[in-house]
Amino acid sequence: MPTAPSPLAYIPFVSVENMMRFVHHFGIEKILVELTDAIEADYRRWDLFEKIPRLASHSRDGVIELMPTSDGEAFSFKYVNGHPSNTAKGFQTVAAFGLLARVDTGYPLMLTEMTLLTALRTAATSAMVARHLAPGNAKVMAMIGNGAQAEFQALAMKAVVGIEEVRLYDIDASATAKAARNLGDSGLRVVSCTSAQDAIEGAQIITTCTADKAYATILTDNMVGSGVHINAIGGDCPGKTELHKDILSRAVTFVEFEPQTRIEGEIQQMDASYPVTEFWRVLSGDAEGRGDARQITLFDSVGFATEDFSALRYIYSKLQGTDFFQQIDILADPDDPRDLFGMLQRAA
């Protein structure tokens with residue numbers, strides 16, 4: 001008779017349903033604040049992490065990526081895609097899952113959905129950077145691109161930075177209507193706009209988050225005045241940008257991991273001598289953040305594996321004593337580690 005799997009065979013799995021229960025239980029703004037702090041804490045120990053550009057498989061339809069990293073004690077990776085045409089087919093633009101593991105044994109610790117978690121960690125990363133680079137007492141945010149990320153970005157800026165008004169614009173008016181409806185009870189003043197120019201009027205923080213896999217110009221140079229912080233998160237692969245290069249010429253630009261951003265970010269438009277600052281250097285005191293009130297700061301964000309690592313460790317730390325996961329039998333664990341075949345035979 002087959003024997004039951006041993007305890008070592010099981011790891012917690014956080015399904016989409018359980019992730020949603022998790023968020024509702026703890027509260028989305030509380031999670032965004034705590035996740036922001038977790039990501040910043042890991043940025044402050046940047047030197048401990050293995051850092052490589054993500055592994056990307058590009059096609060005419062989109063991209064599929066693996067994003068691994070380790071701090072020497074834990075290892076994580078995320079599988080994620082980016083397919084801008086998916087929404088027309090009834091699919092998400094982005095779908096993701098991730099795994100956290102022990103370095104000392106190589107055994108997985110947790111498997112989880114990361115479509116929702118990526119939206120949360122991307123918003124938290126944006127807010128982490130904005131609280132250090134945005135103009136002081138920023139209260140108005142422009143959100144250009146009102147797809148799946150928009151509400152998360154707005155709520156993170158509210159919870160972490162103190163934004164009171166969000167101005168929404170999308171070329172698809174139904175997306176703006178969706179975001180306005182979803183943010184109706186958020187405590188934010190929500191203004192639906194009919195152009196990007198209208199949306200950035202009076203905003204101290206401008207977030208661009210569009211999905212087309214193409215060189216695009218969402219913001220032109222004449223639209224952007226002095227003293228703003230631009231959070232550009234839509235450009236995240238070769239051939240995909242959102243800002244006119246003249247804006248970059250006027251801005252002080254901060255990135256996650258320069259070798260990756262040179263390939264995927266807004267700065268792919270610029271020559272190799274264009275100066276950028278990896279954001280961890282601001283936190284460590286090695287580099288200046290916002291220099292003065294009139295400066296344009298730009299966070300050219302493409303997403304980096306350490307942010308997923310932080311998000312996975314955060315979720316794992318909150319699971320203990322909850323029922324927001326199920327145990328899955330994922331690891332072969334024979335009584336004798338050398339007798340894997342014998343375990344298979346006994347299961348007959």
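Would you mind putting 324-330, 73-79, 162-168 in packing order, based on average other-beta-carbon counts within 10 Å, highest first?
Values: 324-330: 15.0, 73-79: 18.7, 162-168: 20.6.
Ranking, from highest mean packing down: 162-168, 73-79, 324-330.
Just to be sure I understand: of the beta bridges DSSP finds with both ends in the range 131-283, what percent are antiparallel, rounded to 5? The partial results should precede the final answer.
Values: 1 of 22 bridges.
The antiparallel proportion sits near 5 percent.
Under the classification rounded if a/c is under 1.5, otherwise prolate if a/b is larger than b/c and oblate if not, where does the range 1-115 fall, given a ≥ b ≥ c as square roots of the Cα gyration tensor eigenvalues? It is rounded, given that a/c, with a ≥ b ≥ c, falls under 1.5.
Work out, in µm²/s and without decimals, the Stokes-Einstein translational diffusion coefficient of the range 135-304 at 20 °C, 1.002 mPa s, Rh from Kirkwood over C-alpha pairs. After rounding, the answer is 134 µm²/s. Normalised Debye scattering of the range 1-68 at q = 0.20 Å⁻¹ gives log10 I(q)/I(0) of -1.05, counting only Cα atoms as equal scatterers and leaving out solvent. Could you tell me which residue out of F279, Q345, L168 lies farthest along the dipole of the chain toward its positive end? Charges go on the beta carbon: Lys and Arg +1, Asp and Glu -1, centred on the Cα centre. Value computed over the given set: L168. Taking label points 7 Å from Cα along the Cα-to-Cβ direction, R102 and K30 give a separation of 3.0 nm. Only the Cβ atoms of Lys and Arg (+1) and of Asp and Glu (-1) were treated as charged; on that basis the dipole of the chain about its Cα centre amounts to roughly 480 debye. Contact order for the chain, expressed relative to its length and based on alpha carbon pairs under 8 Å spaced 6+ residues apart, stands at 21 percent.
Reducing the range 1-54 and the range 285-300 to their Cα centroids gives an inter-centroid distance of 31 Å.
Summarising the strand pairing of the chain, around 50 percent of its internal DSSP beta bridges are antiparallel. Look at K89, K245 and count the other Cβ atoms within 10 Å of each Cβ; fewest to most, that gives K89, K245. From most to least packed by mean Cβ count within 10 Å, the peptides 55-63, 338-346, 29-37 give 29-37, 55-63, 338-346.
When restricted to Cα atoms, the chain yields an Rg and a Dmax of 21.3, 75 Å, respectively.
Using the crude model of +1 on Lys and Arg Cβ and -1 on Asp and Glu Cβ, and no other charge, please compute the dipole size for the range 55-103 relative to its Cα centre, in debye to 20. Each step should come with its number before you reach the end.
Values: 4 positive and 4 negative charges, 39 e Å.
Computed about the Cα centre, the dipole is about 180 debye.
Residues considered: F304, F26, F254. Largest GNM mean-square fluctuation over the chain, using C-alpha springs under 10 Å, is found at F26.
Against the chain, whose longest principal axis comes from its Cα atoms, helix 28-43 is set at around 90 degrees.
About its Cα centre, how strong a charge dipole does the range 135-304 have in debye, to the nearest 20, once Lys and Arg get +1 and Asp and Glu get -1 at the Cβ?
Details: 14 positive and 23 negative charges, 66 e Å.
With only Lys, Arg, Asp and Glu charged at Cβ, the dipole is about 320 debye.
The count of lysine pairs in the chain with alpha-carbon distances below 13 Å, taking only pairs 8 or more places apart or on different chains, stands at 4.
Only one residue of I296, A311, S226 has its Cα farthest out toward the positive end of the dipole of the range 219-337, where Lys and Arg carry +1 and Asp and Glu -1 on Cβ, and that residue is S226. The C-alpha atoms of the chain define a longest principal axis, and helix 115-133 lies at about 40 degrees to it.
Taken together, the values in this text are just the output of simple stated rules run on the coordinates, not laboratory data. In this text, all values refer to a predicted model and were calculated from it rather than measured experimentally. Glycine gets a Cβ as well: all are built from the backbone with ideal geometry, and neighbour counts include every protein chain shown.
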